[in-house]
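Heads up: the structure comes next, in structure tokens.
The values are calculated or read from the model by the stated rules, or taken from the named source; none is laboratory data. Please read these numbers as outputs of a predicted model, since none were measured by experiment. Here the Cβ is made from the backbone with ideal geometry for all residues, glycine too, and neighbour counts use every protein chain on show. When the accessible area is computed, the model is the full protein with side chains, heavy atoms only, and any ligands, DNA or RNA have been set aside. Shrake-Rupley method; radii C 1.70, N 1.55, O 1.52, S 1.80 Å.
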Amino acid sequence: MTAEPARRRDSAATRAALLDAATGLFAERGFARTTVRDIAARAGVNQALLFRYFGSKDALYAAVMAGQGRELLEAEQPERLLETVLRRMLEKTPRPGDHLLFTALRSEGIDSAAAEIRKALGDDYIRVLSTLTEAEDGDLRAELVLAWVIGISMVRSTSAKEPLKSADPEEIVRLVLSGARTLLERTEG
């Protein structure tokens with residue numbers, strides 16, 4: 001009797017399956033209600049592989065956040081980034097993982113790996129937005145815009161305070177972009 005050939009390992013596919021499963025589950029259930037066992041089951045792998053590739057659930061969450069945030073940064077021109085972020089944030093049915101980005105940028109209490117990713121993502125968004133102005137304090141202006149957007153997301157999703165809760169998304173986008181243009185305006189040379 002011949003031995004069966006060893007099953008071929010594909011670490012990239014396993015890692016991608018874990019990221020996809022985690023993205024879906026974090027979006028559906030949130031961080032706290034998503035278990036390592038559920039992520040591994042959805043990915044079709046042993047949960048030990050999650051720890052092998054990511055080290056912890058927190059580090060996997062951080063990797064998901066980094067991927068979501070960087071995909072958007074890479075997909076959009078700096079001039080359209082703020083509008084795209086706003087529109088996606090205001091969608092009634094967010095794309096899987098979209099609201100995770102906003103949750104990550106404003107959340108506390110998740111381990112240092114996620115905190116580092118959150119800081120890096122914030123820094124990346126600030127760097128891109130600051131290219132829209134020639135002002136010496138461009139980083140501050142970009143950070144103010146990012147803080148405003150995160151605040152809008154927070155008020156709409158957590159406190160559900162009127163009139164922002166039921167405001168027309170197009171009106172919100174129009175008003176925020178108008179204000180942001182003032183903060184990020186180009187100086188006349």
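Just a few scattered comments:
- Restricting segment 137-148 to residues that are out of contact with any Ser or Thr (no Cβ under 6 Å at 6 or more places or on another chain) and open to solvent by 90 Å² or more (accessible area, probe 1.4 Å) leaves a set whose member that is farthest from residue 126 (Cα to Cα) is 148.
- Failed item, numbered, when residue 59 is tested on (1) at pLDDT 90 or above; (2) of a type in the set (Gly, Ala, Ser); (3) under 18 Å from the mean Cα position of the chain (by Cα): (1)
Matching residues to (1) at pLDDT 90 or above; (2) part of a helix (DSSP H, G or I); (3) open to solvent by 90 Å² or more (accessible area, probe 1.4 Å):
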position: 122; (1), (2), (3): no, yes, no
position: 126; (1), (2), (3): yes, yes, no
position: 135; (1), (2), (3): yes, no, no
position: 150; (1), (2), (3): no, yes, no
position: 158; (1), (2), (3): no, yes, yes
position: 176; (1), (2), (3): yes, yes, no
position: 181; (1), (2), (3): yes, yes, yes
position: 186; (1), (2), (3): no, no, yes
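- Assessment of segment 160-173 against the conditions (part of a helix (DSSP H, G or I) and farther than 17 Å from residue 87 by Cβ) yields no matching residue.
- Within segment 21-34, residues that are more than 16 Å from residue 45 (Cα to Cα) and aromatic (Phe, Trp, Tyr) have Cβ atoms under 7 Å from residues that are in a helix (DSSP H, G or I) and open to solvent by less than 30 Å² (accessible area, probe 1.4 Å) in these pairs: 26/61; 26/64; 26/100; 31/61, counting only partners at least 6 apart in sequence or on another chain.
- Filter result for residue 167 (surrounded by 13 or more Cβ atoms within 10 Å (Cβ to Cβ), within 21 Å of the chain's Cα centre (by Cα) and modelled with pLDDT under 95): no
- Scanning segment 1-53 for residues that are assigned to a loop (DSSP other than H, G, I, E, B) and at pLDDT 85 or above yields a total of 7.
- Taken together, the residues in segment 60-79 that are open to solvent by less than 40 Å² (accessible area, probe 1.4 Å) and either polar (S, T, N, Q) or more than 29 Å from residue 145 (Cβ to Cβ) (or both) amount to 2.
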